[in-house]
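K.L.:
Below you'll find the structure I mean.
Bear in mind these aren't lab numbers, they're just calculated from the coordinates by the rules spelled out. All values reported here derive from a predicted model rather than from experimental measurement. Using ideal geometry, Cβ is built from the backbone for each residue, glycine included, and neighbour counts are taken over all protein chains shown.
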Amino acid sequence: MSRRNFKNTELNERAQKYLICIGKKLCDLRKSNGKSIRAVAKATKMSRSIISKLEKGQYENFGLNRFSDLCKYYNVQMVDIVECD
């Protein structure tokens with residue numbers, strides 16, 4: 001594997017871990033608020049599929065507007081969600 005490919009692979013792995021961390025936080029917020037995926041999807045005007053994929057860290061095209069909408073819905077600051085170790 002070339003050095004460039006190794007760096008790209010490492011970057012992709014880090015990005016995936018980050019998406020999973022954010023997804024877990026979103027899932028925990030939903031559950032702690034006693035909400036279903038369906039309820040969150042309806043309130044935020046997103047599909048259930050998108051919410052589910054976000055919570056699993058499987059949605060890479062996650063725009064800032066969607067993220068902002070979810071943070072507003074859960075009444076949390078964006079920075080509280082994006083802080084991942």
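K.L.:
Looking at the range 47-61, I want the residues that are among the charged types (D, E, K, R) and have a partner that is surrounded by 17 or more Cβ atoms within 10 Å (Cβ to Cβ) with Cβ atoms under 6 Å, at least 6 apart or on another chain. Which pairs are those?
P.N.:
If the second residue must be surrounded by 17 or more Cβ atoms within 10 Å (Cβ to Cβ), the pairs left are Arg48/Ile37; Arg48/Ala41; Lys53/Tyr59; Glu55/Gly23; Glu55/Leu26; Glu55/Cys27; Lys56/Gly23.
K.L.:
Mind checking whether some residue in the range 4-27 is surrounded by fewer than 14 Cβ atoms within 10 Å (Cβ to Cβ) and outside any helix (DSSP H, G or I)?
P.N.:
no
K.L.:
If you check Arg66 against the conditions, is it free of Cβ contacts under 8 Å to residues at least 24 places away in the same chain and charged (D, E, K, R)?
P.N.:
yes
K.L.:
Taking Phe67, is it out of contact with any helix residue (DSSP H, G or I) (no Cβ under 6 Å at 6 or more places or on another chain), among the hydrophobic types (A, V, I, L, M, F, W, C) and assigned to a loop (DSSP other than H, G, I, E, B)?
P.N.:
No, not satisfied.
K.L.:
Any idea which residue in the range 24-39 is farthest from Asp69 (Cα to Cα), counting only those that are of a type in the set (Lys, Arg) and over 11 Å from the mean Cα position of the chain (by Cα)?
P.N.:
Once the filter is applied, the top-ranked residue is Lys31.
K.L.:
Tell me which residues, restricted to the range 50-85, are over 16 Å from Leu29 (Cβ atoms) and surrounded by fewer than 12 Cβ atoms within 10 Å (Cβ to Cβ).
P.N.:
Glu60, Asn61, Gly63, Leu64, Asn65, Asp85
K.L.:
Would you check if Lys45 is surrounded by 16 or more Cβ atoms within 10 Å (Cβ to Cβ) and either touching a strand residue (DSSP E or B) at 6+ places or on another chain (Cβ under 6 Å) or charged (D, E, K, R) (or both)?
P.N.:
So Lys45 fails the test.
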